[in-house]
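For reference, the structure is listed below as structure tokens.
The values are calculated or read from the model by the stated rules, or taken from the named source; none is laboratory data. Bear in mind that the values here come from a model prediction, so they are computed numbers and not experimental data. Heads up, the Cβs are rebuilt from the backbone with ideal geometry, glycines too, and the neighbour counts pull from every protein chain shown.
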4 protein chains.
Amino acid sequence: MDHDRKPIRSGMGRSTPDRIFVQGFDLVEDVIGTLNLGDMAYLEMTGRLPDSRQSRVFNAILVTLVEHGMTPMAIVSRLVYLGAPESLQAAVAAGLCGMGTTFAGTAEGAARMLHDAWETPGDQDADTLARRIVADFRARGQSIPGLGHNLHKPQDPRTARLFTIAEQEGHAGRYVELMLAIGAHAQAGLSKPLPINATGAIGALCCELGISWKAARGIAVIGRAVGLVGHLAEEQGNPIAREIWQRTEAEASRQDDPIAGNGRREAP
Amino acid sequence: MDHDRKPIRSGMGRSTPDRIFVQGFDLVEDVIGTLNLGDMAYLEMTGRLPDSRQSRVFNAILVTLVEHGMTPMAIVSRLVYLGAPESLQAAVAAGLCGMGTTFAGTAEGAARMLHDAWETPGDQDADTLARRIVADFRARGQSIPGLGHNLHKPQDPRTARLFTIAEQEGHAGRYVELMLAIGAHAQAGLSKPLPINATGAIGALCCELGISWKAARGIAVIGRAVGLVGHLAEEQGNPIAREIWQRTEAEASRQDDPIAGNGRREAP
Amino acid sequence: MDHDRKPIRSGMGRSTPDRIFVQGFDLVEDVIGTLNLGDMAYLEMTGRLPDSRQSRVFNAILVTLVEHGMTPMAIVSRLVYLGAPESLQAAVAAGLCGMGTTFAGTAEGAARMLHDAWETPGDQDADTLARRIVADFRARGQSIPGLGHNLHKPQDPRTARLFTIAEQEGHAGRYVELMLAIGAHAQAGLSKPLPINATGAIGALCCELGISWKAARGIAVIGRAVGLVGHLAEEQGNPIAREIWQRTEAEASRQDDPIAGNGRREAP
Amino acid sequence: MDHDRKPIRSGMGRSTPDRIFVQGFDLVEDVIGTLNLGDMAYLEMTGRLPDSRQSRVFNAILVTLVEHGMTPMAIVSRLVYLGAPESLQAAVAAGLCGMGTTFAGTAEGAARMLHDAWETPGDQDADTLARRIVADFRARGQSIPGLGHNLHKPQDPRTARLFTIAEQEGHAGRYVELMLAIGAHAQAGLSKPLPINATGAIGALCCELGISWKAARGIAVIGRAVGLVGHLAEEQGNPIAREIWQRTEAEASRQDDPIAGNGRREAP
């Protein structure tokens, strides 16, 4: 049962009676009243304070995924709050549990795809890399992360806006270039639109800012935590969770339904 | 099983193929590149855009609770990530589940106490209200929310900073006044220090900004979501969860311990 | 930052290379193949193996709350699974977060009410205690835990069954007696039915079996974890989460709705 | 925004004022007092009542993963309970979030491996299949699910017990045969022990009982929910979460540590 003890160390923060340090900065002197919440997220995730250009790009990424109306996660948080109003934090947590592969994983996947491509040794240009990436995903029968949207087409309006801001702030480099090239190659020859969606743009900008692809899903999680608190604030004044539940239950258990409404089965 | 159907309505957001609305504002035109994440949180929670003074105060509140070192929630998120690295969102969610009564409930409690006091009809001043509030909590044997800290004493350095910023921005009104009066009355006659802590200051500033006390816990949840993503980013590069687990397990299950290490009990 | 170190001890379980102990019993010799899952839960929660009568009563309690159709928690688990199919565990977890005050807290509340009543010193009988408890709750304007149901009336069919089983197994003692007396006093003089519901019966039987009221909510959590895995197994073969989401979203964001569908607001 | 409406249907359960149906069985007549919790889980996951042999095998699987001492999930649940004692359900939920790929995914992976192998068309025997499976995993550089344990070696004592019970009850068929063959081929030529671990045995027995591999992770989730409620019941009487937290925090934020304890960094 014994094991070699390793030290437990962290540079995130520490406190003394009269001071609190965050990544080595003084919370009271350097952070409160100076940094906005997006800058603070940048400090937490990178260990560095953002300059004004990084701040604008990073805040733009963060606000993009906060609110998208009545998503599954928003419905989840409202239903949990109905059952456990003593525990608003668990209602937000339950909603966040849904920010997985289906909705948030594509930002991670896009960031990883772009990061790995440029890490591969060799003299390569974006166009060549894009061509190969598109071919590889198609050969494996996989969809390319960051492309396509069931509602926002032929273009996802968030993508152009994010890339414009990155351009304005000097952060539209080779990852943006590669994402655009992948989008172009993937669209070529298709009749239906395959836009670069918001998670594709966010994946590219994470790479531009030096955020690890492993943490890219965290961007979506932070944004959505803000949005879910917003939905719960609305639910407190205008509750709809009970109605969602009752309608769903009523339909799922209709007595005349051959699945739900069969009479009593015989226990053997 | 039937029920009276009520409409399901929400003003949080809606989308068309080429536009996304957030509380009636256009995400692409009005939000991305314009609002920082704290401003977005203000919009989500109040339905209004903050002016520059509200923005500074609200962002100050939000960044205050992001990072406090190796808290129980940070340990939780790291341990969950060890078990489910495919699911960063669930690691953040698990940590947030711990932002309950013990750590975040006091911001809610302080906001409620201050809100309710000024709502009570009658010609009253802060000093009179404070005197009665302190007496009432003591009579019920309850601790007063927003007061006291086991480390940050005799003063919590975050409190003075937050109240200074509120003063600078014209948001130090009757709720700040009442919180200060409660702190003074509670301290009077005590030999050990009972500072107004950060959650007390945050509760007061929520009231000043018109945030409902019911949603005040959400401020702590948003901030801590940012912090937990930060801890997971550190854990990805510098993992410590396994060491925390193994040390705890080794000590808890020592064979020579009369609780853990008793030999096999006889099944009847 | 230093603190007085206390030992970290637990009697729950420990392992050696060739053996695993659970509460001192040998998992392989005494548990696997011998205990059913309900007996194992009894061992975990009490540290004792149940006799056959305790086993029947405890398993009866546990199975009662497993399945109640399309509850809010079942909807939650299905929606989270839609977003994070890689993480079935988080889908169950999210649903469990909703087992709070509204749905599971009443079992805890009933157990506490019954436990505290018999702990109060004095020569008292169930009828006298019940009369006072009903009067006290009414004076405080609180509803009595374990009474009332919006669907199952005038009687909750689970209650009679649970009390019958307790009777058969010799576990219908003073807590059952008191719960029945409370039900009778609370009903007296009311025109609408106020049955003892399943959580009231479960609260009483927890007390009969020596389960702490503080852990009574855990009974509901265990049962519902089983039920939520069942719902996810059905969702895997017959998915309905997307339909629930899309209907809710479509209605919540109708363009002709004065809340959701207002045109673009003017940013100041 | 419109979509083709599909029906929302479920066969899990429905209620009328005087009856509750679970998968078509009457909860009061057929379930409470008759089924133990493991049988109920079988009904929920398969839609069928188990016979006595299925009941013994399935309960054996379920109890196996309930308790393994101070696991990461047990620590998580205790820490969350420290922060949110009002919300025992969220403490269990947080712990369950950690039952992911690292700890529970191997039962799922083993079940899938065994299921897929026998589904592949062709006249094949277990030995041939096992040889190819081992070779395939090795060629991909992946570890084989269900094999290996860092503590329980050279044998995992749970495995032999589970296979013996399956044999006794007539449920040791081709999936057990294949798992044993995979274990033998994987061990051949290795000097260090590579036992079939408990999750490998559970994966095989899920297949024998007709449980879908997609739901196999649910077995681990149900068992661990029971175990985490047990740990919280112990924590209520013998709290250790605060000590785990304080030790970890004290070490992680040592002032003399070059990572944590650096002086204040200069904000630019």
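Take D:Leu190 and decide whether it is in a loop (DSSP other than H, G, I, E, B), away from chain C (no Cβ under 14 Å) and in contact with a strand residue (DSSP E or B) (Cβ under 9 Å, 6 or more places away or on another chain). Against the criterion (in a loop (DSSP other than H, G, I, E, B), away from chain C (no Cβ under 14 Å) and in contact with a strand residue (DSSP E or B) (Cβ under 9 Å, 6 or more places away or on another chain)), D:Leu190 does not qualify.
Total residues in the stretch B:127-181 satisfying the condition of being farther than 20 Å from A:Val31 by Cα, touching a residue at least 60 places away in the same chain (Cβ under 8 Å) and of a type in the set (A, V, I, L, M): the figure is 2.
When the stretch B:227-254 is filtered for residues that are under 16 Å from A:Leu43 (Cα atoms) and over 26 Å from the mean Cα position of the chain (by Cα), only B:Gly237 remains.
D:Thr64 meets the conditions (1) modelled with pLDDT under 95; (2) under 28 Å from C:Leu96 (Cα atoms) in every case but one. The failed one is (1). When D:Leu151, D:Leu209 are checked against the criterion of being more than 23 Å from D:Gly69 (Cβ to Cβ) and in contact with a Pro (Cβ under 9 Å, 6 or more places away or on another chain), a single residue qualifies: D:Leu209.
Residues of the stretch D:143-168 that are touching a helix residue (DSSP H, G or I) at 6+ places or on another chain (Cβ under 7 Å) and of a type in the set (Lys, Arg): D:Arg158, D:Arg161. Within the stretch A:29-44, if we keep just the residues that are touching a Phe, Trp or Tyr at 6+ places or on another chain (Cβ under 9 Å) and under 20 Å from B:Gly237 (Cβ atoms), the residue that is nearest to the other protein chains (Cβ to nearest Cβ) turns out to be A:Ala41. Does the stretch A:176-189 contain at least one residue that is closer than 30 Å to B:Arg48 by Cβ and at pLDDT 95 or above? No: the stretch A:176-189 contains no residue that is closer than 30 Å to B:Arg48 by Cβ and at pLDDT 95 or above.
Could you tell me whether any residue of the stretch D:111-122 is of a type in the set (Lys, Arg) and farther than 30 Å from C:Ala93 by Cβ? Within the stretch D:111-122 (the criterion being of a type in the set (Lys, Arg) and farther than 30 Å from C:Ala93 by Cβ), the answer is no, since none of the residues qualifies. One residue is enough: does the stretch C:117-130 have a residue meeting the conditions among the aromatic types (Phe, Trp, Tyr) and closer than 24 Å to D:Ser15 by Cα? Checked the stretch C:117-130: no residue is among the aromatic types (Phe, Trp, Tyr) and closer than 24 Å to D:Ser15 by Cα.
Residues of the stretch D:84-99 that are in contact with a Leu (Cβ under 9 Å, 6 or more places away or on another chain), facing chain B (nearest Cβ under 8 Å) and either within 19 Å of D:Ile144 (Cβ to Cβ) or without any contact (Cβ under 8 Å) to a residue 24 or more places away in the chain (or both): D:Ala90, D:Ala93, D:Ala94.
Only a single criterion out of (1) touching a His at 6+ places or on another chain (Cβ under 9 Å); (2) among the β-branched types (Val, Ile, Thr); (3) within 7 Å of another protein chain (Cβ to nearest Cβ) is not satisfied by B:Val63, namely (1).
Among the residues that make up the stretch C:68-80, is at least one of them more than 18 Å from the chain's Cα centre (by Cα), within 14 Å of chain A (Cβ to nearest Cβ) and touching a residue at least 60 places away in the same chain (Cβ under 8 Å)?
So the first thing to find is which residues in the stretch C:68-80 are more than 18 Å from the chain's Cα centre (by Cα), and the list is C:78-80.
Filter again for within 14 Å of chain A (Cβ to nearest Cβ), leaving C:78-80.
Applying the additional criterion that residues be touching a residue at least 60 places away in the same chain (Cβ under 8 Å) yields C:78-79.
Yes, some residue in the stretch C:68-80 is more than 18 Å from the chain's Cα centre (by Cα), within 14 Å of chain A (Cβ to nearest Cβ) and touching a residue at least 60 places away in the same chain (Cβ under 8 Å).
The residue that is nearest to A:Arg53 (Cα to Cα), counting only those in the stretch A:110-165 that are within 14 Å of chain B (Cβ to nearest Cβ) and aliphatic (A, V, I, L, M), is A:Ile165. Quick check, is D:Val57 at the interface with chain C (Cβ under 8 Å from one of its Cβ atoms), touching a helix residue (DSSP H, G or I) at 6+ places or on another chain (Cβ under 7 Å) and in contact (Cβ under 8 Å) with a residue 12 or more places away in the chain? The answer is no for D:Val57.
Assuming C:Gln89 fulfils every condition listed in (1) under 30 Å from D:Pro17 (Cβ atoms); (2) modelled with pLDDT of 95 or more apart from one, which condition is it? It is condition (1) that C:Gln89 fails.
Of all residues in the stretch D:3-28, none satisfies the criterion of being within 18 Å of C:Leu228 (Cβ to Cβ), surrounded by fewer than 24 Cβ atoms within 10 Å (Cβ to Cβ) and more than 10 Å from chain A (Cβ to nearest Cβ).
Looking at the stretch D:250-268 only, could you name the residues that are at pLDDT 80 or above and surrounded by fewer than 23 Cβ atoms within 10 Å (Cβ to Cβ)?
The first filter runs over the stretch D:250-268 and keeps only residues at pLDDT 80 or above, leaving D:250-254.
Residues satisfying the conditions are D:Ala250, D:Glu251, D:Arg254.
Scanning the stretch A:186-203 for residues that are in contact (Cβ under 8 Å) with a residue 24 or more places away in the chain and hydroxyl-bearing (Ser, Thr, Tyr) returns a single hit, A:Thr199. Among the residues of the stretch D:227-245, is any away from chain C (no Cβ under 12 Å) and surrounded by fewer than 19 Cβ atoms within 10 Å (Cβ to Cβ)? No; the residues of the stretch D:227-245 include none that is away from chain C (no Cβ under 12 Å) and surrounded by fewer than 19 Cβ atoms within 10 Å (Cβ to Cβ).
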